[in-house]
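Structure first, then comments.
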Amino acid sequence: MSKIKGLTKLPAKYIPLAVAMAVIIALLAVLAITKPPAQNVKGQISPALKEAAGTKYSETYYNYICFNAVRGKDLKTAQEETYVGFVGNIFAVPDKSPIAPVVDIFFWLPALIRGSGITISLSIVSVLAGVFASVFLALGKISKVKLLNKTCSAYIFFFRGTPLMMQLYFVYYALPQIHPALTINNKFLAAFLAFALNSAAYCAEIIRAAIQSIDKGQFEASKALGLSYGQTMQLVIIPQSIRRLIPPVANEFIMVLKDASLVSIIALSDLTHTTRSISSSSSSALVYIPAMIIYLIITAFFTFVFNKLEKRFSIYQ
Amino acid sequence: MSLIRTANVCKSFGELTVLKDINMSVEQGEVVCIIGPSGAGKSTFLRSLNQLEKITSGKIFIDEELFLHRENGSTVLRLEQIKYKQLLLEMGMVFQSFNLFPHKTVMENIMLAPVHVKKQSKAEAEKKAGELLAKVGLADKSDEYPARLSGGQQQRVAIARALAMEPKIMLFDEPTSALDPELVGEVLGVMKSLAESGMTMLVVTHEMGFAREVADRVIFMCDGVIAEQGPPEKLFSKPENPRTRQFLNSIL
Ligand SMILES: Nc1ncnc2c1ncn2[C@@H]1O[C@H](COP(=O)(O)OP(=O)(O)O)[C@@H](O)[C@H]1O
Ligand SMILES: [Mg+2]
């Protein structure tokens with residue numbers, strides 16, 4: 001009954017949203033259709049500029065959904081011309097024009113998005129690998145087997161007790177000096193290794209705390225029913241720990257997202273590194289604004305996802 | 001034939017000696033209630049039987065087989081693993097705080113051990129669980145999560161969960177102490193019908209009415225020793241030990 005009521009209610013609630021979406025899509029479609037063709041926009045660049053630049057000429061063209069833009073640049077003199085195509089017209093954007101900064105942002109956006117991709121993918125794979133490894137570290141740390149316990153504790157102590165930046169330097173610069181076979185040429189791989197090893201230590205502490213927060217009665221009931229230690233962990237304790245794990249793991253993930261900016265030191269083009277390069281090549285601080293907004297969007301998005309996850313896992317509470 | 005027998009069982013926590021030379025047995029089909037003041041060692045005794053606590057010294061026999069023999073805190077003899085596990089599973093345990101698995105539904109709680117320990121098929125375990133739920137009067141709650149049930153319902157599920165492993169003897173540690181008074185009756189009712197169906201039971205309880213009505217024998221435990229035991233009518237009306245008399249006076 002309540003299900004049916006819920007179903008009939010849904011559309012009514014979403015009608016304004018659907019209408020707004022339809023209007024926006026229609027508008028975008030109109031703008032997309034009326035935008036001038038690429039060769040017309042590109043053709044606006046003056047032959048004088050191209051000639052003066054010769055081999056040092058560079059041209060960037062971006063096709064956004066409702067407008068397109070081209071920028072031709074003489075790399076010797078840093079002289080440039082910018083044109084934007086919009087609703088059948090092509091506008092020149094002079095350097096001093098008030099909309100020049102806005103147009104600049106659109107020229108930087110693709111690089112910033114590529115940088116964000118690296119930041120996000122590095123964080124996700126590192127934390128995933130870290131969480132996976134940390135389950136074993138945590139079980140090792142609460143184990144009564146001395147050697148296992150000591151080894152895992154030492155690992156956690158080491159990676160939490162030394163700076164992440166130093167660990168990153170070590171993996172990328174020091175390992176090859178120890179032995180050439182340890183060279184990791186791929187910067188992303190090196191960063192992943194350092195971040196995953198580090199994240200494993202932090203997550204292990206989170207998981208250990210979550211496991212130890214589970215009522216001792218759960219272990220006793222499992223034992224009385226004949227479950228082995230492994231079965232108890234796998235079927236009873238870890239599933240219950242997961243809900244308690246989500247908030248601190250989310251926290252760790254957001255930390256890693258921001259710490260990922262450290263990869264600038266090995267010149268991996270993440271969002272921060274890209275921002276710095278753009279800012280120095282354009283000799284303008286303007287690029288920091290969209291870059292920081294992108295960071296905020298990313299963290300807000302993942303916070304939202306983790307909140308949803310936590311709700312999903314709390315159905316039995 | 002005794003299902004459980006203990007000989008000279010002692011248990012200390014560090015300096016504190018909680019069980020002092022316990023000799024007792026539970027016969028097949030018998031219902032034995034253990035009563036006594038708080039701190040007497042009743043829980044520790046029950047937990048020592050199914051190995052939630054390690055006894056310091058003494059012998060435990062299950063099904064007339066020497067299950068475990070320990071002296072001075074180290075094991076002298078223990079049955080080989082397969083037989084040990086098998087005898088251990090002859091005891092089902094119901095806890096004061098239910099200890100249901102909160103992330104599993106009622107049905108999943110009951111099926112978990114039969115499927116993973118006894119390796120029953122899911123279908124078989126589910127059928128059995130359904131029957132047990134009907135037996136404890138909760139056939140309509142199989143898809144609920146424990147948090148949605150009252151304490152009395154949760155404890156009945158816990159009983160069904162223990163029964164699903166088909167134990168020969170059920171151990172109850174104050175199964176109604178955590179319940180609101182109006183919910184005690186439904187749990188005792190289930191336990192009573194279980195006793196009537198012939199189940200061997202060892203019950204630590206403060207419910208004297210239940211002990212008087214259902215028990216074949218009542219054990220009074222005090223300061224880690226069995227101070228007195230006998231049929232309920234005798235123990236309740238003509239206690240011999242002054243400490244039993246004092247305890248009964250204090251609670252009635
Ligand atoms: N794990 C433990 N560590 C130390 N002392 C304990 C532990 N468990 C029980 N005790 C002590 O053993 C005594 C008997 O406890 P218990 O068996 O729970 O008594 P009862 O169930 O009869 O109330 C109490 O004094 C209690 O404090
Ligand atoms: Mg007790």
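The values are calculated or read from the model by the stated rules, or taken from the named source; none is laboratory data. Just so it is clear, the model here is predicted, and its values are computed rather than measured. Don't worry about glycine lacking a Cβ; one is built from the backbone with ideal geometry, like all the others, and counts go over all protein chains shown. These area figures cover heavy atoms from the full protein model, side chains too; ligands, DNA and RNA do not enter into them. Shrake-Rupley method; radii C 1.70, N 1.55, O 1.52, S 1.80 Å.
Put simply, the C-alpha atoms of chain B give a gyration tensor, and the ellipsoid matching it has half-axes of 29, 24, 16 Å, longest first.
Centre-to-centre separation between the Cα atoms of segment B:193-252 and those of segment A:109-169: 57 Å. When the pairs B:K42/B:K168; B:K141/B:K192; A:K308/B:K122; A:K150/A:K258; A:K141/B:K42 are compared against a 29 Å limit on Cα-Cα distance, A:K308/B:K122; A:K150/A:K258; A:K141/B:K42 fall above it. Annotation: the antiparallel percentage among DSSP beta bridges lying fully within chain B is about 60.
The sum of -39500 (n - 2.57) across all DSSP H runs of n ≥ 4, divided by the residue count of chain A, sets its helix-only mean residue ellipticity at 222 nm to -22000 deg cm²/dmol. Axis of helix A:238-259 versus longest Cα principal axis of chain A: the two differ by about 40°, to the nearest ten degrees.
DSSP bridge analysis restricted to the protein assembly as shown gives an antiparallel fraction near 75%, rounded to the nearest 5. Scanning residues 5 or more positions from B:A227 or on other chains, those with amide H under 5 Å from its amide H are B:F220, B:M221, B:C222, with H placed 1.01 Å from N in the peptide plane. Across chain A, Cα pairs under 8 Å and at least six residues apart give a relative contact order of 15 percent. For segment A:90-142, the list of trypsin sites (Lys or Arg not before Pro) that fall in a loop by DSSP and count at most 10 other C-beta atoms within 10 angstrom reads A:K96.
Accessible surface ranking for A:Y57, A:Y229, 1.4 angstrom probe, highest first: A:Y229, A:Y57. I need to check one value: relative contact order of chain B, counting alpha carbon pairs closer than 8 Å and at least 6 residues apart, in percent. For chain B, the relative contact order is 25 percent. All distinct Cα pairs of segment B:1-50 go into the 1/r average, and the inverse of that average, the Kirkwood radius, is 11.8 Å.
Mean separation of Cα pairs under 8 Å and 6 or more residues apart, divided by the residue count, gives segment A:205-317 a relative contact order of 25 percent. Summarising the label geometry, the points placed 7 Å from Cα in the beta-carbon direction at B:R245 and A:I178 lie 7.9 nm from one another.
Segment A:15-62 and segment A:249-314 have Cα centres spaced 28 Å apart. Dipole of the protein assembly as shown computed with +1 at Lys/Arg Cβ and -1 at Asp/Glu Cβ about the Cα centre; of A:A22, B:L183, A:A12, farthest Cα towards the positive end is A:A22.
Peptide B:84-93 has a mean of 2 when you count, residue by residue, the C-beta atoms of other protein chains within 10 Å of its C-beta. With N as its number of residues, the protein assembly as shown has a Cα radius of gyration that, divided by 2.2 N^0.38 Å, comes to 1.46. Only protein heavy atoms count here, probed at 1.4 Å, and on that basis chains A and B bury about 1800 Å² of accessible area in total. Please give the solvent-accessible surface of A:F86 in Å², to the nearest 10, using a probe radius of 1.4 Å with every protein chain present. About 80 Å², ignoring ligands and nucleic acids.
Select from B:K168, B:K238, B:K192 the residue whose mean-square fluctuation is largest in a Gaussian network model of chain B (Cα-Cα springs shorter than 10 Å). Top of the fluctuation ranking is B:K238. Rounded to the nearest 10 degrees, the angle from helix A:187-212 to the longest Cα principal axis of chain A is 40 degrees. With the whole protein complex present, B:V76 retains an accessible surface near 90 Å², based on a 1.4 Å probe. Restricting the calculation to Cα atoms, segment A:34-96 yields a radius of gyration followed by a Dmax of 11.7, 36 Å. Note on B:K127: aspartates and glutamates with a C-alpha under 19 Å away, same-chain residues under 8 apart excluded, are B:E108, B:D140, B:D143, B:E144, B:E166. The shape of segment A:175-317 can be summarised by an equivalent ellipsoid whose semi-axes, obtained from the alpha carbon gyration tensor, come to 40, 22, 9 Å from longest to shortest. Simple rule: put +1 on each Lys or Arg Cβ and -1 on each Asp or Glu Cβ in segment A:198-317, find the dipole, and look at A:I294, A:I238, A:I207; the Cα lying farthest toward the positive end is A:I238. Between the C-alpha center of segment B:1-74 and that of segment A:172-246 there is a gap of 39 Å.
The lysine pair tally for segment A:34-96, using Cα distances under 24 Å and a gap of 8 or more places or different chains, is 14. Of all aspartates and glutamates in the structure, the ones whose alpha carbon falls short of 16 Å from that of B:K54, not counting any fewer than 8 places away in one chain, are A:E220, B:E15, B:D21, B:E71. A DSSP coil position with no more than 13 other Cβ atoms inside 10 Å describes the following GluC sites (Glu not before Pro) in segment B:157-252: B:E240. Seen from all directions on average, chain A presents a Cα convex hull projection of 25.3 nm².
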